[in-house]
1. Based only on other Cβ atoms within 10 Å, what is the fewest-to-most ordering of R134, R173, R115?
2. Against the empirical 2.2 N^0.38 Å scaling, what ratio does the C-alpha Rg of region 135-200 come to?
3. Sequence-distant or interchain residues sharing an amide H contact under 5 Å with D130, placed H: which?
4. Using 0.36 nm times the number of residues separating C141 and L19, minus their current alpha carbon distance, what extension gain do you get?
5. Around A113, which amide H atoms from residues at least 5 apart in sequence, or from another chain, sit under 5 Å from its own amide H, with H modelled in the peptide plane?
6. Taking R0 as 45 Å, what's the FRET efficiency between S128 and E9 from their Cβ-Cβ distance, rounded to 0.05?
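Read the figures in this text as sums done on the coordinates, not as results from a lab. Model, not experiment: these values are computed from the prediction. Cβ: placed from backbone, ideal geometry, glycine included. Neighbour counts: every protein chain shown.
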Amino acid sequence: MKKGFTLVELLAVIVIIGLLMTIAIPAVLKISGNVKDESYNTKIKMITNGAVSYGDVIKREKLINRVGKEVVGQCTASGVQEQWIKISQNANTKEAEVECKDSNPDADVLYPAYRMTVEDLANAKEISFDETDRCKSGSKCTTGSDYDNVIKNPVSGNIINKCYVYIYYKNNRLYAIFDKKTCSEVKDSTAGHEYKDILA
């Protein structure tokens, strides 16, 4: 009567399990990455929808009339009073890109824009924070990059509170664009970029 497995049988089982893991693990990781990417795209859609809603209520007339003083922040540190953006599509990523301009040489290409942060939208109740009152529940916010209320990038886990959103007026409609390219540049002290979550 045969008892147990031979060494050859055990090795065969180990090889089969190894092959299955080699096939399965990358597939699972790819699916996980796709889910995170889709979650981030959904979040961006919510942010831009909230920005359009905010702009429709508050900024439509000012954008139509190109009142530059209503711009939050500037494209450069030169103190200019107007801000215009050029919306283009990256040939490789197919994502919209924002190029700031200090003047408007071509009204058919550049659009008057109102710039705000993702955090501004959440404070205006157009979108919700992912986590709130974090510093009041045991942790303490001690630096400028610690945040009590946060909105996060689901792919990186970084905070996107200070990333920029542009509301602009084109062809009799309001649009919004999330500056994903700039946002993905992680910084420690410059507004408009992702921050590593110190309290995570």
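1. R173, R134, R115
2. Rounded to two decimals, the normalised Rg is 1.32.
3. Long-range HN contacts for D130: V150, I151, K152.
4. Difference between extended and current length: 39.1 nm.
5. For A113, whose amide H was placed from the backbone, the distant partners under 5 Å are Q83, I85.
6. 0.20
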